[in-house]
Amino acid sequence: MAFTLLPGRREFPRPRPTFRLVALAMALVLWAAACGSGGSGPATQGESGDGEVVLVTHDSFALSDAVVASLAESGIDLRILASGDAGQALNQSILAGDHPLGDLFFGVDNILMTRALDADIFEPYRSPLLDAVPEEYRLDPSMRLTPVDRGDVCLNYDISWFADRDLEPPTRLDQLTDPAYRDLLVVENPATSSPGLAFMMATIARFGTDGPYSWLDFWADLRMNGVRVDPGWTEAYFTDFTVGGGGDRPLVVSYASSPPAEVVFADPRPATAPTAVIEETCFRQIEFAGVLKGASNPEGARRVIDFLLSVPVQEDIPMSMFVFPVNRDAQLPSEFVQFAVVPAEPLSLPPEEIDTNRERWIQEWTDVVLR
């Protein structure tokens, strides 16, 4: 079995630590065993689809050699083609057209979904495991994109910073323009950052594009209140945020899963997370996988999609990629149960509305915030 990782520009729009994937290797062993014993997993070794399967994805996707080796026990030789961030990877697959870069793609989210579907680069496939996925995550009725994970981009805050100053942290987006929070917020540029784009969408969903106080009015007020804009999540969280990088900004655009990550990777582990999530600011992201048209091994690609939806892999997703599973039968790890936030009513926009207006909204944001 050969594992090849083709290099791309490394960017990490969310914490996805590679060394946590030992547990995923164990999950894959269980999955392979289930396949061999006639379980409900993907096709068994020797059936159509054996051999090399090329997975095109973003740079933040990671698998250890042990994981790939255990996947190979089912007859699949997985090769990962990392192609930059999610937008870059999708652009390359769209440009490839009838000559796909691989067999399947992982990393399309609901912000880019309509663009991906309009490009007509995916084959329909309905996984038998899709029945375990709630309807709210099945956004593509054509079955060309299969939901694999979900997460929420949210404002995070430094609990101690606010407590030490006897200042209540904000609980709503509109409070961020209050002078009490001047020079406290760092965000990411939506033109260059996935969480930055999601947070911009959150403000559009919250304030709307018309009316007496629109989303652009809100951003104009944020600019007057000293918002700092970084190119990406890494700079914002690990440089300017008071917790992640010892910076001077106690409010940052990050993820609902960032508090458990702070606990998991601390040594020693704290009893409580140093950060918290402002639930009213959360914007829901869903990531999808799809079989690429013209794939050399389409059956193998379908088997990998089934594998991604299987319970052992779905139960490992939180601790390996710090996002949530979509399979309702998957159980969350204790760290997520204790420290992660699942917003009751996350902000969202219809994918079609996003696709129609995305580039114009980014330009309008740029004109207001960075001019």
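Computed from the coordinates by the stated procedures, all read-outs in this text should not be read as laboratory data. A quick note: this is a predicted structure, and the numbers were derived from the prediction, not measured. Positions of Cβ are generated from backbone atoms using ideal geometry, with glycine treated the same way; all protein chains shown enter the neighbour counts.
Each pair of Cα atoms in segment 97-219 enters the Kirkwood radius, and Stokes-Einstein at 20 °C and 1.002 mPa s then converts it into a translational diffusion coefficient of 120 µm²/s.
Gain in length, residue 92 to residue 168, computed as 0.36 nm per residue apart minus the alpha-carbon separation, to one decimal in nm?
Gain on extension, residue 92 to residue 168, equals 22.8 nm.
Of 354, 362, the sequence from fewest to most neighbouring Cβ atoms within 10 angstrom is 362, 354.
With a Förster radius of 41 Å applied to the beta-carbon distance between residue 118 and residue 239, the computed FRET efficiency rounds to 0.65. For residue 328 and residue 142, a Förster radius of 25 Å and the Cβ-Cβ distance give a FRET efficiency of 0.65, rounded to the nearest 0.05. Taking packing as the residue-averaged number of other Cβ atoms within 10 angstrom, the listed peptides 194-204, 315-325, 342-352 run from highest to lowest as 194-204, 315-325, 342-352. Using the Karplus relation 6.51 cos²θ - 1.76 cosθ + 1.60 with θ = phi - 60°, the per-residue 3J(HN,Hα) values for segment 250-255 come to x, 10, 9, 7, 9, 10 Hz, with x marking Gly and Pro. Taking every alpha-carbon pair under 8 Å whose residues sit at least 6 apart, segment 189-317 reaches a relative contact order of 17 percent.
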